[in-house]
1. Starting from 0.36 nm per residue, how many nanometres of slack lie between Asp25 and Arg157 once their C-alpha separation is accounted for?
2. Roll a 1.4 angstrom probe over the protein heavy atoms and tell me the percent of accessible area of the chain that is carbon or sulfur.
3. So, for the chain, what is the accessible surface per residue at a probe of 1.4 Å, expressed in square angstrom?
4. Using a simple spin-label model with points 7 Å from Cα along the Cα→Cβ vector, what separation in nm is obtained for Phe48 and Lys72?
5. In percent, how large is the relative contact order of the chain, given Cα pairs closer than 8 Å and 6 or more residues apart?
6. Rounded to the nearest 20 debye, what is the charge dipole size of region 1-125 about its Cα centre when +1 sits on each Lys and Arg Cβ and -1 on each Asp and Glu Cβ?
7. Pairs on different chains or at least eight residues apart, Cα atoms closer than 28 Å: how many lysine pairs in the chain fit?
8. What is the spin-label model distance, in nm, from Thr186 to Tyr106 if the labels are put 7 Å beyond Cα along the C-beta direction?
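The values are calculated or read from the model by the stated rules, or taken from the named source; none is laboratory data. Owing to the predicted nature of the structure, the values given are computational and were not obtained by experimental measurement. Using ideal geometry, Cβ is built from the backbone for each residue, glycine included, and neighbour counts are taken over all protein chains shown. These area figures cover heavy atoms from the full protein model, side chains too; ligands, DNA and RNA do not enter into them. Shrake-Rupley method; radii C 1.70, N 1.55, O 1.52, S 1.80 Å.
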Amino acid sequence: TEFTKTTMPEYVIEPPDLITVEVLDALPGRPITGERLVRPDGKVSLGFYGDVYVAGLTIPEAKEKILLHLRKYISDDSLGLFQEDEEDPEHKLTKPVDPRESDRIYVDVTAYNSKYYYIQGDVAVPGRLPITGNETVLDAIDFAGGLIPTAAPQNIRLVRPAPAGACCEQVLPVNLAAIISGGDPTTNYQLLPG
């Protein structure tokens, strides 16, 4: 079977991710800009505007939740919740905008701190590494500083937690020689969180 990378499901924000929140028209002297840490309680602080619970949400969901929270302080107009109705000849009517589509507020993840994998054994720097969705077995070995002389390259394996409904974890043997010398990426598996 030809090995292909799969895209991850939509990213879910969890502590201790770092997210950026930018609001173009916040209150005068009370800007909302920059990076915010998702605290252990699942909330981000918006300073003067209070805290918003974002753990377990995707980026569009977090944007919507933050925007709806800010309606207590900032006008719907400033938050981009209405736009002119193009079909109105006098340009007086407005129509609502889905909070996720507002162009007056921007939310994104700047550090994926909550998803990671572990590399153990005879590598220069074993330990936990963050996962962004594109790493492969070769990347992991590389990031860990490579194999040390005591390593047994023929015994490398990728271990995945048991998928839902399965009895046991998956153990996938890695053929490092084929990947490096033979240019065969079949066992250069994509890494997944955990």
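1. Extra length from Asp25 to Arg157 when fully extended: 42.4 nm.
2. 53
3. 60
4. Here the modelled spin labels are 1.5 nm apart.
5. 19
6. Details: 14 positive and 24 negative charges, 144 e Å.
Magnitude of the dipole: close to 700 debye.
7. 13
8. My value for the distance between the label points is 4.6 nm.
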